Every structure is written in C-alpha cells, then in structure tokens.
Amino acid sequence: MPRPEPVRPDPQIPQAVDVAIIGGGIVGVSAAWKLAEMGVRVALFEKGEIAGEQSSRNWGYCRQQGRDPRELPLAMMSLALWRRLDHEVAGETGFREAGILYVSDDKATIAGWEDWLGHARAHGIETQLLTHREIANLLPQCARRWRAGLWTPSDGRAEPEKAAPAIARAAQRLGATLHTRTAVRGLDLAAGRIAGIVSERGAVRAQAVVLAGGASSQAFCRRHGIVLKALNVRASVLRTGPLPEVFAGGLAAPDFAIRRRLDGGYSLAAPGATTFDIVPEVLRWLADFWPAYKKEQGRMKVRLGRAFIDALVAPTHWSLDKPSPFEDEDNRVLDPRPDHGALAEAVAAFRAAFPALGEVRIVERWAGMIDATPDAIPVISEVETLPGLYLATGFSGHGFGIGPGAGRLVAELVSGRAPSVDPTPFRFARQHNARQHNARRHNARQHTAHHHNGSGGRPSGHSKHPGRLEDAPRPSPKNPDKKEPRIRRRPASDKRFLIAWPFCRRDWR
Ligand SMILES: Cc1cc2nc3c(=O)[nH]c(=O)nc-3n(C[C@H](O)[C@H](O)[C@H](O)COP(=O)(O)OP(=O)(O)OC[C@H]3O[C@@H](n4cnc5c(N)ncnc54)[C@H](O)[C@@H]3O)c2cc1C
C-alpha cells in the first residue's frame, strides 16, 4: 500500500482549542493549515496516519476538466492554490501543470464532452476537444487511435503520498497540533451545540468541529443521529517501476488511466474498476442513489456479500468512554483488497497502447475506499441542527484535486469570513427532501436562533435549511449522559435486526 510521507505528531493533546478537526486527509490538513494561518487555535485528530486513506491512494489528478459545473469555481480556486502550494507550504507536493487528457471512441461520451465545453468556456477554462490526429500529436508513441479527446493543459497532477503530509507540516509550523493514532469517538455537546470532541486519548473542548473523515464520516454522523447520505465504493490502483515518459500528465482512456509519477513510474488504474458492496443503507437510500447508479452502471461491480452482514451488525451507537469502532485494527487505516483482475486488464490495455514500453514492472497494488454522495459532489457545510459542527466530506472520488480549495472554504465558513466561492451547492441540507425538511422545521427554528446568537457572521445563504437529526438533542434529567442527542434505536421488530440476530458478535444498540 502507499506510504504517505511521515509527519511527526504532537505529543500532547490540548485541553481546549477553537476548532477540532477530525480526519487527516487532504481536506482536514488543508482546513487546519488555513485556519492556523488565520490565527485560529486548531487541533487535528487522525485515527491512523496523515493521508493514510484516500488521500495517499488516489490517482493524483488535479483537474477542472469534466467537473460538475457546481464544482467548477472550487476546482479553479484549487488549481490556483496548487500552482503556488509548494512555495506556500515550503515543501514538495509533486504538483506539475502537465494537463489532463481523456480519450474515447464512444459517441455519447464525446457528446457529453461537447456539452461540457460550454461550462468550460463560461468559466474561462481553456479546454479543447481533440480529433484523433491531435491526440496522436500529444501521444506520439501511442499505437492506439481514439475518435476524440478532451484536453485541459492547465490541469495538473500531484503526488498523493507527498501532498497532504507537506500541507500538514505547514499547518504545524503555523501552530496547529496534529494527533495521529488518535481516533475521535464522538462529539461533546452542550445545550444542543458543539462543546468539543472525545478522543481515545481524552476530551478536548472546542467551539467548532470539522468532520473530514472520508469513508468513516457516515458512521460517525450516525452515532450522533445525523443522517449523512454517503456510500463507500472500492477503487484499485497500482504503480509501475520506472518507464520512459509517454505522457507527462494524466491520461484516461476507457480501459486504463495513467499518471506520470515523480519517481519515473506511472500510477495505473482501470477507470471502471470500482466495486460497490451492498450494505443496508443502499436499500434505505435506493431512490437517492439510483440516478448515480444508472450513470455508472456497467462501470461498477456490484456485490452482495459479507459487507452487508458486517454493516448490519456493526454498532450504530457506542459509549464515548469505551473504544469506538474507529479504533478496531481493521478500521484504524482502511486498507481494502485491490481488484487484481481489473488491474491486470488495465495493464494489458496500457501495454497495447504503448507497446514500445516493453515489460511493465508492477511494484505494488492497492485499493482505497471512496465516500460517494448521491449527487457526487461533496458536503461542505455547517449542520444546521447541530451548531458548531461542520461537514467536509463526501468528495465522491475527486476530492484530491479540490482538497486545498475545500480546506480553504471550510476555514472560511468556520471562521465566519466571506467565502472565496459560493458554498451553496455544497449545503448539507440538499440531501434532505422537503418532507423531512418540514418535519424538522421546529428544530431548525430553535437552532437557527441559537446559530445567529452564538456564532455570528456566518456567510448568508449557506445553511438556510436544517440537516436531519433523527432525534434532536434533548437534555434528560434522568440520563447521566445528558449532553448527548437522544438516539433512535431500531425497534426490535425491525426485520434487519431479526435477519442479523444469528450473526451478532458485537454490541448491538
Ligand atoms: C483509487 C482512488 C483514486 C482517486 N483518484 C482521484 C484523483 O485522481 N483526483 C482526485 O481529485 N481525487 C481522487 N480520488 C478521491 C480523493 O482521493 C478523495 O476524494 C480525497 O482524498 C478525500 O480526502 P478526505 O480528506 O476527504 O478523505 P481521506 O483522505 O479519506 O481522509 C479521511 C481521514 O479521516 C480519518 N478519520 C475518519 N474517521 C475518523 C475518526 N473518527 N477519528 C479520527 N480520524 C478519522 C481517516 O483515518 C482518514 O485518514 C481517488 C480516490 C481513490 C480511492
């Protein structure tokens, strides 16, 4: 598996900070860096290592090309950050403005690119639709011909094993503290708002908490009764030994994708080699995810297996004074098994395209867990029903390139500064339909009042609607754990419970 460059953790966890960040991927470290730059006291908690999960396992594309139009301003802001990042963090992120090229023979895909060019033009991004001749000029050693290509020379590539650690070190130099192998078990709440976090090494008071937990964010939210609609998808990658340069940037064909690495090799993947394990949430959110599934159908393997039962019996609630699921050795650093068959096909396609390369030596293979939302854009937003909690998650397989910009946006939202890009498309409330919205309006009113009194100066228009808490936080005189929101327990008659009962090994609550 990839080895992100080490970052020396701070030995002591602080007693109190302004902002606690959960998750040391590129989003969490970028937020920590920007907050520290603003003079905010910030501590970051990471259950494993900095960039141990998606942020070191990805392809390394930093692109505007092909982005959902709602994400384009954030992608453009991120590219601008990437271009000066090495200088600003005084480190090597591996960023090179070497361009991203997609190629295809499929008419529908090409028609989609033609449509997308309108968005590129509207935003002033120089993207070109290439003919097969123009592709051949960019790829002179390529033996294959494709009907058309989409090419954005101002996009780039970076080194996933280097980028987040370099940003983390910069955050540390500005005064942020980083705590690795320190899982956050849950949130500390007081009077219906954030009061801090409880980690496996103790509690830390904080006025705001940023959850940038990648593939674990959904489970973390569920512990607090917050419904974050995100499902995990497994994607596989390998890296080759050193090879001659056939393309300096990122090249994605239908059957293989490569990215030139600083070490002289390539990161190589099969664009369609993603596996989706059916879990109980799939059934619950079928309608939400159906359009995304239809779009990806044929490019994704869907499996019903052990993951379903594992998810069914996994605890949904745990006491904060006992080890949480995030501390299980299996969850400390999510390290799923790569799809060897799909990777072998990608290598064969790459070799067929560039036969002059000869033998392709494979150094290692790995996989990563991608957290995907129904509309495939992230949630970067305060949770209206829990003032002080900010989500920065659900980057849906393309958060590395926009990570630095997302971190900056989070920092602006948390500190109450004017956001650099419109955060409205990333509102958490978009995940919840009108019916749920109306049902929770009462909570929203209560918390909105608190929000305006207590947090002041937040950007307007961002958090107008509530996120959904299954049960609102309500202090109970009988309950010693009175700061916790009341969690809805599954009724004993719940069919899922009955199916799972024979397999229960862990505490079910
Ligand atoms: C194979 C693959 C290829 C990809 N290719 C690209 C690409 O080319 N370009 C692109 O832009 N994006 C790509 N992506 C997506 C990109 O990697 C992610 O969107 C991005 O890294 C997400 O960053 P993050 O900080 O949100 O999450 P992560 O990097 O996953 O970090 C989340 C961190 O939170 C920690 N955490 C979770 N829960 C807790 C807790 N309770 N306590 C403490 N710590 C916790 C985890 O340990 C983890 O380190 C790819 C992803 C994969 C897997």
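Of all residues in the range 14-71, count the ones that are more than 6 Å from the ligand (Cβ to nearest atom), in a strand (DSSP E or B) and either at pLDDT below 95 or more than 25 Å from residue 256 (Cβ to Cβ) (or both).
Selection size over the range 14-71: 9.
Somewhere in the range 411-431, is a residue within 16 Å of the ligand (Cβ to nearest atom), at pLDDT 95 or above, closer than 17 Å to residue 25 by Cα and surrounded by 24 or more Cβ atoms within 10 Å (Cβ to Cβ)?
Checked the range 411-431: at least one residue is within 16 Å of the ligand (Cβ to nearest atom), at pLDDT 95 or above, closer than 17 Å to residue 25 by Cα and surrounded by 24 or more Cβ atoms within 10 Å (Cβ to Cβ).
Exactly one condition in (1) surrounded by 18 or more Cβ atoms within 10 Å (Cβ to Cβ); (2) more than 19 Å from residue 101 (Cβ to Cβ); (3) touching a residue at least 60 places away in the same chain (Cβ under 8 Å); (4) not hydroxyl-bearing (Ser, Thr, Tyr) is false for residue 241; which is it?
(1)
Quick grid of which residues meet (1) touching a residue at least 60 places away in the same chain (Cβ under 8 Å); (2) within 11 Å of the ligand (Cβ to nearest atom):
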| position | (1), (2) |
| --- | --- |
| 303 | no, no |
| 342 | yes, no |
| 363 | yes, no |
| 366 | yes, yes |
| 370 | yes, yes |
| 382 | yes, no |
| 407 | yes, yes |
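Within the range 415-435, how many residues turn out to be within 28 Å of residue 94 (Cβ to Cβ) and assigned to a helix (DSSP H, G or I)?
Total meeting the criteria: 1.
This table checks each residue for (1) at pLDDT below 95; (2) more than 14 Å from the ligand (Cβ to nearest atom); (3) part of a loop (DSSP other than H, G, I, E, B).
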{"residue": "187", "(1), (2), (3)": "no, no, no"}
{"residue": "216", "(1), (2), (3)": "no, no, no"}
{"residue": "235", "(1), (2), (3)": "no, no, no"}
{"residue": "263", "(1), (2), (3)": "no, yes, yes"}
{"residue": "276", "(1), (2), (3)": "yes, no, no"}
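Pick out the one residue from 337, 365, 351 that is among the basic types (Lys, Arg) and in a loop (DSSP other than H, G, I, E, B).
It is 337.
Would you check if there is a residue in the range 136-154 being away from the ligand (no atom under 12 Å from the Cβ) and under 25 Å from residue 415 (Cα atoms)?
no
So that you can scan it fast, the table gives a plain yes or no per residue for (1) in contact with a strand residue (DSSP E or B) (Cβ under 6 Å, 6 or more places away or on another chain); (2) surrounded by fewer than 20 Cβ atoms within 10 Å (Cβ to Cβ); (3) under 30 Å from residue 248 (Cα atoms):
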{"site": "109", "(1), (2), (3)": "no, yes, yes"}
{"site": "120", "(1), (2), (3)": "no, no, yes"}
{"site": "144", "(1), (2), (3)": "no, yes, yes"}
{"site": "159", "(1), (2), (3)": "no, no, yes"}
{"site": "162", "(1), (2), (3)": "no, no, yes"}
{"site": "170", "(1), (2), (3)": "no, no, yes"}
{"site": "182", "(1), (2), (3)": "yes, no, no"}
{"site": "210", "(1), (2), (3)": "yes, no, no"}
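Kindly indicate whether residue 287 is free of Cβ contacts under 8 Å to residues at least 12 places away in the same chain, part of a helix (DSSP H, G or I) and within 24 Å of residue 364 (Cβ to Cβ).
Working: free of Cβ contacts under 8 Å to residues at least 12 places away in the same chain: yes; part of a helix (DSSP H, G or I): yes; within 24 Å of residue 364 (Cβ to Cβ): no.
No, not satisfied.
Keeping to the range 59-84, report how many residues are under 17 Å from the mean Cα position of the chain (by Cα) and under 16 Å from residue 124 (Cβ atoms).
8
Determine the pairs where a residue that is more than 19 Å from residue 5 (Cβ to Cβ), located within the range 20-37, has a partner that is more than 8 Å from the ligand (Cβ to nearest atom) and among the acidic types (Asp, Glu) with Cβ atoms under 9 Å apart, the partner being 6 or more residues away or on another chain.
Cβ pairs passing all conditions: 34/412; 35/18.
Tally up the residues in the range 347-361 that are under 11 Å from residue 243 (Cβ atoms) and either within 13 Å of the ligand (Cβ to nearest atom) or not charged (D, E, K, R) (or both), please.
Qualifying residue count, the range 347-361: 6.
Restricting to the range 4-22, name every residue that is in contact with a strand residue (DSSP E or B) (Cβ under 7 Å, 6 or more places away or on another chain) and crowded, with 17+ Cβ neighbours inside 10 Å.
7, 9, 13, 17, 18, 19, 20, 21, 22
The values are calculated or read from the model by the stated rules, or taken from the named source; none is laboratory data. Every value quoted in this text rests on a predicted model; they were computed, and no experiment measured them. Methodologically, a virtual Cβ is constructed for each residue, glycine included, from the backbone with ideal geometry; neighbour enumeration extends over all protein chains shown.
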